[in-house]
Amino acid sequence: MQVPVIDLQQQFLSLRDELVAAVTAVLDSGRYALGPAVERFEREFAAAAGAEDCIAVESGTAALILALLAHGIGPGDEVITVSQTFIATAEAISWAGAKPVFADIDPRTHTMDPAALPGLLSSRTRAVIPVHLYGQPAEMDAIAQFAREHGLAVIQDAAQAHGALYRGKPLGALGSTVCYSFYPTKNLGSCGEGGAIATSDPEIAAACRALRDHGQAVKNRHDRIGLNARMQGVQGAVLSVKLPHLERWTEQRRQVAAWYDELLADSGVETPYRAPTGRHVFHLYVVRSPRRDALRAHLAERGVGTAIHYPVPIHRQPCYEELGMGEGSLPETERACREVLSLPMYPELTREAVEYVAEAVRSFPS
Ligand SMILES: *Cc1c(COP(=O)(O)O)cnc(C)c1O
């Protein structure tokens, strides 16, 4: 048996006719950049995210940059985030002109450790970006309370967490700005690139809307320096076809995770912890092993695809050398990066395939 780490083809084939029809309608309409298909998706996705408004953009990275700019963050400012995340979280802070400051993670949840925040605060701190890594919501109560006490903005990086809930509420209902990605492998993926900002703050929404279109709120009047970050019409149409299926796909991911939990109990690898405050949507199913690289090779020999999210923490990347954060500066983040392994995860994964993967893990001599 061969089990790939991800399979996008099955989902595409299950919706092929609808997707082709929706894309064709946009091509026929001639509304290729933004347009009615994108506006419709914005209304639908705002409701799904639990927010008043949604601004569709060209990528998750653009969503983060625009959200930071809309909150007035720029040169001289510091933004606290995590180092165990995709590089885009930190890149966005840098492109906004600010400096990323990295908090260590809670090793159980792989999300921002709220206890690390007070030690990172400076007179320049303006915002906090928690990342709902792997689909597990960060500890938003403690993070939001810290932000409130110190007058900081909160921008959630939900690129891996479509459909996640925190204390029973969608992330857009928590009172802060939320950024999503629709990169093809995400829980809700376009057929190309896409992203969105969900917010219930009309000023933030208006700023993001203007910024994605060269800073124009009114045609030919450029109030601020923006950029071109508009979503393509075709992607809006694709996402509207897919959105009604998100809840079912999320339940399927959670079922796959439950099977793994059951079949990997006492297998020698550490299975994912689920925080009681959140609904984990399992963008990834990530186990930990101190012998991760040997386990990965063992699985590859048995036809099981795996991936590492992420092998090198951001503070140890060459592009952030100037921050001067040496080995050992974020111990839990660094240990996680050495131990994490993402097993195959996608909604269409069968019980049989999960059993095969689990058996391959169990046959690894621990
Ligand atoms: C994918 C991802 C992004 C960036 O999204 P793009 O659409 O690829 O630009 C940002 N943050 C996290 C945590 C991601 O997983």
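The values are calculated or read from the model by the stated rules, or taken from the named source; none is laboratory data. Only a predicted model underlies this, so the values are computations on that prediction, with no experimental measurement involved. Reconstructed Cβ throughout: ideal geometry from the backbone, glycine too, with neighbour counts over all protein chains shown. We work out accessible area using only protein heavy atoms, side chains counted, and drop any ligands, DNA or RNA first. Shrake-Rupley method; radii C 1.70, N 1.55, O 1.52, S 1.80 Å.
Observations, loosely collected:
- Residue by residue, segment 11-26 carries 3J(HN,Hα) couplings of 5, 4, 4, 5, 10, 3, 5, 5, 5, 4, 5, 5, 5, 4, 4, 5 Hz when phi is fed to the Karplus relation 6.51 cos²θ - 1.76 cosθ + 1.60 (θ = phi - 60°); x denotes Gly or Pro.
- Overall shape: oblate for segment 196-242, with the ratio a/c of the largest to smallest alpha carbon gyration tensor axis at 1.5 or above and b/c at least equal to a/b.
- The calculated P(r) of segment 104-230, using every Cα pair and 10 Å bins from 0, goes 12, 36, 34, 16, 2, 0 in percent.
- In the chain, Rg over Rh equals 0.97, where Rg is the alpha-carbon radius of gyration and Rh the Kirkwood radius from pairwise Cα distances.
- Placing a label point 7 Å from the Cα of GLU44 along the Cα-to-Cβ direction, the residues of segment 2-29 whose backbone N falls under 12 Å of that point are 18-19, 22-23.
- Gyration tensor verdict on segment 162-218 (Cα atoms; rounded if a/c is under 1.5, prolate if a/b is larger than b/c, oblate otherwise): oblate
- The loop-placed chymotrypsin sites (Phe, Trp or Tyr not before Pro) in segment 213-308, going by DSSP, that have at most 14 neighbouring Cβ atoms within 10 Å of their Cβ come out as TYR273.
- Taken one residue at a time, the phi angles of segment 355-363 give Karplus couplings (6.51, -1.76, 1.60, θ = phi - 60°) of 4, 5, 4, 4, 5, 5, 5, 5, 7 Hz. Gly and Pro are set to x.
- CD proxy at 222 nm, helix term only [per DSSP H run n ≥ 4: -39500 (n - 2.57); per residue of the chain; nearest 500]: -11000 deg cm²/dmol
- Sorted peptide list for 234-243, 128-137, criterion being average Cβ within 10 angstrom, highest first: 128-137, 234-243
- Pairs of lysine residues in the chain that meet both criteria, 8 or more places apart or on different chains and Cα atoms under 30 Å apart, total 4.
- For the chain, accessible area per residue (1.4 Å probe, heavy atoms of protein chains only), Å²: 42 Å²
- Accessible-area composition of the chain, carbon plus sulfur, in percent [1.4 Å probe]: 52 percent
- Neighbour cut-off at most 14 other Cβ (10 Å), DSSP loop, GluC sites (Glu not before Pro), segment 292-366: GLU327
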